[in-house]
Amino acid sequence: MSQRQPIPSVHDLIDLDRYPLDQPDSAELASVITDAHETLDDTGVCLLPGFVRTEAVPLLVAEAESLMDQSNRQDRDDIAFGHYRHCLDTFPDSHVVHRTSSFRINHIAGDHVSAHGPLRTIYHWQQLTDFIARLTRHPVLHRVADPLLDCNVTILGPGDTHGWHYDGNHFSVTLMMQTAEDGGRFEFYPNIANPDDDNFPAVERLYDGDREGILTPPLEAGTLNIFRGRYSLHHVTPVTGERPRIVSIFSYHQQPGMIFPAATQKNYTGRTAA
Ligand SMILES: [Fe+2]
């Protein structure tokens with residue numbers, strides 16, 4: 001007779017010896033945060049390798065793989081400058097705002113991720129939310145209230161890729177669950193733009209293949225990645241090999257109760273909460 005596996009606790013999942021989130025006043029955690037601030041300020045990306053214990057990573061992968069048949073497929077070419085979508089025709093045809101890259105992604109919406117599984121055990125742990133607030137220098141953060149996009153999963157299979165884009169949020173939090181055998185690399189150009197300057201010439205050089213300024217943070221399974229993607233162009237290179245690249249995205253907001261616009265929900269999940 002088969003027995004149901006016990007639900008792992010957050011202590012089984014997160015390496016609290018290395019990242020003592022359960023001791024928020026400790027000097028050890030203060031040191032982790034100081035180091036993270038330096039890296040974030042310097043490069044716009046902060047990696048916490050081994051955040052999920054090595055032995056717990058397969059639990060997360062198994063959960064994601066079990067949800068694969070409920071994923072929504074995004075298969076399109078798109079521009080990076082979504083904020084000019086409403087006025088694209090005011091730019092000449094040759095302008096870099098019209099350049100596109102490929103988005104071939106399977107998204108698992110948050111409402112398919114079990115409330116009692118390992119992924120939500122991590123995401124719903126209040127000490128993690130408090131830790132992310134300290135890392136990103138917010139007095140307080142809340143997990144978003146969006147049932148589709150609070151805690152979701154992206155799976156890139158062979159040939160899949162996540163095209164060049166900016167994030168709508170000032171910072172993003174992702175958890176690498178499984179890397180591809182090859183390819184599937186996260187590439188990031190810190191602060192290529194700023195609120196006053198789109199820096200079109202640099203973006204054009206990047207599209208033309210210039211690698212100057214691009215970082216490739218070494219993401220391994222179990223790594224938590226906090227990055228500032230609002231003005232930093234980033235993408236994921238095409239996956240090669242059979243093993244899918246699996247990443248979870250955790251969403252936070254300064255105000256409680258945040259729900260993403262219906263268009264954003266539809267874009268990622270093919271549905272709206274309504
Ligand atoms: Fe992004």
request  = Return only the number of the condition from (1) in contact with a Pro (Cβ under 8 Å, 6 or more places away or on another chain); (2) over 27 Å from residue 232 (Cα atoms); (3) open to solvent by less than 50 Å² (accessible area, probe 1.4 Å); (4) among the hydrophobic types (A, V, I, L, M, F, W, C) that residue 21 does not satisfy.
outcome  = (1)
note = Filtering the stretch 90-112 for residues that are among the acidic types (Asp, Glu) and not in a loop (DSSP other than H, G, I, E, B) leaves a count of 1
ask   = Here is a list of conditions, (1) more than 16 Å from the ligand (Cβ to nearest atom); (2) in a strand (DSSP E or B), and residue 205 meets all of them except one; can you say which number that is?
value = (2)
request  = Take the stretch 1-60 and flag every residue that is in contact with a Gly (Cβ under 8 Å, 6 or more places away or on another chain) and among the basic types (Lys, Arg).
outcome  = 18, 53
message = Can you tell me which residue is modelled with the highest pLDDT among those in the stretch 152-189 that are within 14 Å of the ligand (Cβ to nearest atom), under 17 Å from residue 269 (Cα atoms) and part of a loop (DSSP other than H, G, I, E, B)?
response = 167
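On the basis of being surrounded by 15 or more Cβ atoms within 10 Å (Cβ to Cβ) and either within 28 Å of residue 42 (Cβ to Cβ) or among the polar types (S, T, N, Q) (or both), does residue 168 make the cut?
Considered against the rule, which asks whether it is surrounded by 15 or more Cβ atoms within 10 Å (Cβ to Cβ) and either within 28 Å of residue 42 (Cβ to Cβ) or among the polar types (S, T, N, Q) (or both), residue 168 comes out as no.
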task = Answer yes or no: is there a residue in the stretch 95-105 that is in contact with a Lys or Arg (Cβ under 7 Å, 6 or more places away or on another chain) and of a type in the set (Val, Ile, Thr).
result = no
key: Residues satisfying the stated conditions in the stretch 24-58, i.e. assigned to a loop (DSSP other than H, G, I, E, B), free of Cβ contacts under 8 Å to residues at least 60 places away in the same chain and either of a type in the set (Phe, Trp, Tyr) or open to solvent by 80 Å² or more (accessible area, probe 1.4 Å) (or both)   = 25
request  = Out of 73, 85, 99, report the one residue that is under 19 Å from residue 156 (Cα atoms), open to solvent by 60 Å² or more (accessible area, probe 1.4 Å) and of a type in the set (Lys, Arg).
outcome  = 73
request  = Six or more apart or on different chains, Cβ under 9 Å: which pairs go from a residue in the stretch 160-179 that's over 15 Å from residue 240 (Cα atoms) to one that's open to solvent by 30 Å² or more (accessible area, probe 1.4 Å) and within 9 Å of the ligand (Cβ to nearest atom)? Could you list them?
outcome  = 172/249; 173/249; 174/249; 175/249
remark   = Inside the stretch 220-263, the number of residues satisfying the requirement of being open to solvent by 70 Å² or more (accessible area, probe 1.4 Å) and without any contact (Cβ under 8 Å) to a residue 60 or more places away in the chain is 2
key: Residues within the stretch 131-151 that are surrounded by fewer than 18 Cβ atoms within 10 Å (Cβ to Cβ) and either within 14 Å of the ligand (Cβ to nearest atom) or not in a loop (DSSP other than H, G, I, E, B) (or both), tallied   = 2
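The values are calculated or read from the model by the stated rules, or taken from the named source; none is laboratory data. Given the structure is predicted, the values throughout are model-derived calculations rather than measurements. All Cβ positions, glycine included, derive from the backbone under ideal geometry; neighbour counts span all protein chains shown. Surface accessibility is based on the protein's heavy atoms, side chains included, excluding ligands, DNA and RNA. Shrake-Rupley method; radii C 1.70, N 1.55, O 1.52, S 1.80 Å.
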